[in-house]
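Just so you know, all these numbers are worked out from the coordinates, no wet-lab data involved. Bear in mind that the values here come from a model prediction, so they are computed numbers and not experimental data. Every residue, glycine as well, gets a Cβ built from its backbone with ideal geometry; the counts of neighbours run over all protein chains shown.
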Amino acid sequence: MSVAVEALSYAWPGTTNGVADIHLAIAPGELVAVIGPSGCGKSTLLKLIAGFLTPQQGRVLLAGRDATGMPPRARELGIVFQAYALFPHMTALQNIAWPLSIRGVSRTERHRRAAEMLDRVGLLAQADRLPAKLSGGQQQRVALARAMVFGPKALLLDEPLSALDATLRVEMRDEIRRLQQESGIATLHITHDQEEALSIADRVAVMREGRVLQCAAPRELYTRPASRAVAAFVGHANLWEATVLDATTLSTPIGILRTQAHGFAPGDAVAALVRPEHVQIGASADGSNSFTGRLLRDRFLGSFRRLDLAVDGGTVALETASDITPQAVFIPPEAVQLLPAD
Amino acid sequence: MAFFITALYLGYLLAPMLLLLVGSVGATWSNTLLPTDGLTARWFLQVWHDRSFRLAFITSLQVAGATVVLCAILGAPLAYAVASAGHRGVRLAARITYLLPVAAPPIVLAFGLMLVFSSDALPFLGATWVLIGGHVVLCLPYLLHTLVADMRHLDLPAQELAAEALGGGFWRRFFDIVLPALRHSLLSGSVMVAALSIGEFQLSNLIAGFLNRTYPVVLLQAFYGATGFACAATVVLLVLALIAAITGALAARGASGTKGLAG
């Protein structure tokens, strides 16, 4: 089963906030994460697909069929909410069995299937506990099991991990990925945590101001961002406003940068992107693309350090595993990517 | 100091009740600080054998029972409608409307009922069901207020959204999610309604018929007779009210206990 939206637009009444002209297709078994700053429209997108909001334009397709006007309960979607929204007066097992009861599954059968689902999320021992007696991570698992037990057409996850602490978050995101792959279900995962998105998604859609800027596999999104905004949002980046001088030279606030300016003409305004891990310590043989400066910040991050070097006209961020405190850094020409200026 | 004030207040609160208890078992009580001539069960027996008191007691129980049931049946869906109204203006208007009977003195309602039901077209003044209707109007706001406050506290909209996404239609959501979530406040609110209905005097005194006077209405007349009799009759009402209050407190404690765990 698949989920798709076509030319989907929605503006919150009396505002220009919302989403505009969204095209997105999630194939069966695929996990697409949507990331973006708060207010970018990612939650609105989820509400539109879930049917809690009706789009002003465009269509929602579930398993190839137009579901735009369908009420939420007819859409057969498994939704996990940020605050889980478990039913507090029902035990873990009863919570999971409830959607089956709605669908007229017999008592013994729904008990069996709910227990099976609880076992899959590793909580069979807690079957008779009320949500209040479960930890945050356990509640999350129950919510996930409840959303998947009735074989939904797709899974919608609305920032499901934001209420958990950091270690549990990493554990749970792998758990979500495992369950999702086991059942081969199309999944939309809304998050503001880019690491979470990059680590478990097949594709990541970056949203800003109601639009999808780019939707691509995590590696592609990182290595070939489509725009300056995507580059800035995904991962760490050195981004400089630059002007193309000729086919191999840029003028930037920190000085002249040599690189291949494919696809741009002299005089074009561009954004020059250099990922911090590509910046090297020392100077180049001919002295080009080399910068000297003063160490501004030194952050120890375990296997590497993230350094900011203050140079004339700006800052160069770099990541290195070495212990050296650099005075000079060097940007290999092939590490520079040119993006259209916004 | 705080202890002293509390003790003083409790004394002020409890002294009349204690005097009632003493008076109800005292043989003679006239022009002395306390009753004289020893203890007696005479007054309680007199109340028990008095036909008008027994009738009134039964009427009060009937009216209170019917009022509780009607309030619960009306209150849960009404509170749900008020709490889930989309527009803030609608919610405000609903609150003002349902709190009106609290603001307006019962005597206003009684006069209204008297005007309507003493006409030739609707000659029903004095009927038990008019009494019940009046009590429902007076007591419902208190139940609604308890329920609406609880609903906001429970974050029901999020649960309902989840239930709807899981495929639950309106009635399934109402009976499986909303009602169980409200069970404690429904219980404590109902006990409050029972207590209010049992003790209601102003309205009942004006619209009750001769054969279906409620207990507090008959009680007033007891004070024209022997002091001991009046005390015993009042103690009966006091016990009823106490039972209602204790049940309500226990129900409320149960509710807050659950919430404490959830939070």
Taking the number of other C-beta atoms within 10 Å as the exposure measure, put A:Phe52, B:Phe170, A:Phe150 in order starting with the fewest.
B:Phe170, A:Phe52, A:Phe150
Rounded to a whole number, the mean other protein chain Cβ count within 10 angstrom for residues of A:313-319 is 0
Cα extents of chain A per principal axis, largest first, Å, are 78, 46, 34
What percent does the relative contact order of segment A:121-209 come to when contacts are Cα pairs within less than 8 Å and at least six residues apart?
27 percent
Find the all-direction average of the projected area of the Cα convex hull for the protein assembly as shown, expressing the result in square nanometres with one decimal place.
42.6 nm²
Relative contact order of chain B, please, whole-number percent, based on alpha carbon pairs below 8 angstrom and at least 6 residues apart.
29 percent
Can you give the translational diffusion coefficient of chain B in µm²/s, computed by Stokes-Einstein from the Kirkwood radius over Cα pairs at 25 °C and 0.890 mPa s?
117 µm²/s
Could you tell me the distance between the Cα centroids of segment A:251-296 and segment A:312-334, to the nearest Å?
11 Å
Please give the contour-minus-distance gain from A:His262 to A:Arg65: 0.36 nm per residue of separation, less the Cα-Cα distance, rounded to one decimal in nm.
66.6 nm
Between A:Ile176, A:Leu77, B:Met1, whose Cα lies farthest towards the positive end of the dipole of the protein assembly as shown when Lys and Arg beta carbons carry +1 and Asp and Glu beta carbons carry -1, centred on the Cα centre?
B:Met1
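Just want the ordering: A:His189, B:His153, B:His135, B:His49, from fewest to most Cβ atoms lying within 10 Å of their own Cβ.
B:His49, B:His153, B:His135, A:His189
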Rounded to two decimal places and with Rh computed the Kirkwood way over Cα pairs, what is Rg over Rh for segment A:236-340?
0.98
Size of the dipole of the protein assembly as shown about the Cα centre, Lys and Arg at +1 and Asp and Glu at -1 on the beta carbon, nothing else charged, in debye to 20?
1760 debye
At least 15 Å along the helix axis (C-alpha) and Kyte average at least -1.0, DSSP helices within chain B:
B:2-25, B:51-84, B:88-103, B:106-117, B:128-154, B:183-199, B:227-262
Considering only the protein assembly as shown, percent of DSSP beta bridges that pair antiparallel, nearest 5
75 percent
Report for chain A the percent antiparallel among DSSP-assigned beta bridges with both residues inside it, nearest 5.
75 percent
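Determine, for B:Trp29, A:Trp12, the number of other Cβ atoms within 10 Å of each Cβ, and report the residues in order from fewest to most.
Ordered from fewest to most neighbouring Cβ atoms within 10 Å, B:Trp29, A:Trp12 come out as A:Trp12, B:Trp29.
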Any aspartates and glutamates whose Cα falls less than 14 Å from that of A:Lys153, other than same-chain ones fewer than 8 residues away, would be A:Glu30, A:Asp66, A:Glu76
Do any chymotrypsin sites (Phe, Trp or Tyr not before Pro) in segment A:263-323 lie in a DSSP loop with no more than 15 other beta carbon atoms within 10 Å, and if so, which?
A:Phe304
Counting only C-alpha contacts under 8 Å and six or more residues apart, can you give the relative contact order of chain A as a whole percent?
16 percent
Selection of trypsin sites (Lys or Arg not before Pro), segment A:154-210, meeting DSSP coil and at most 12 other Cβ within 10 Å:
none
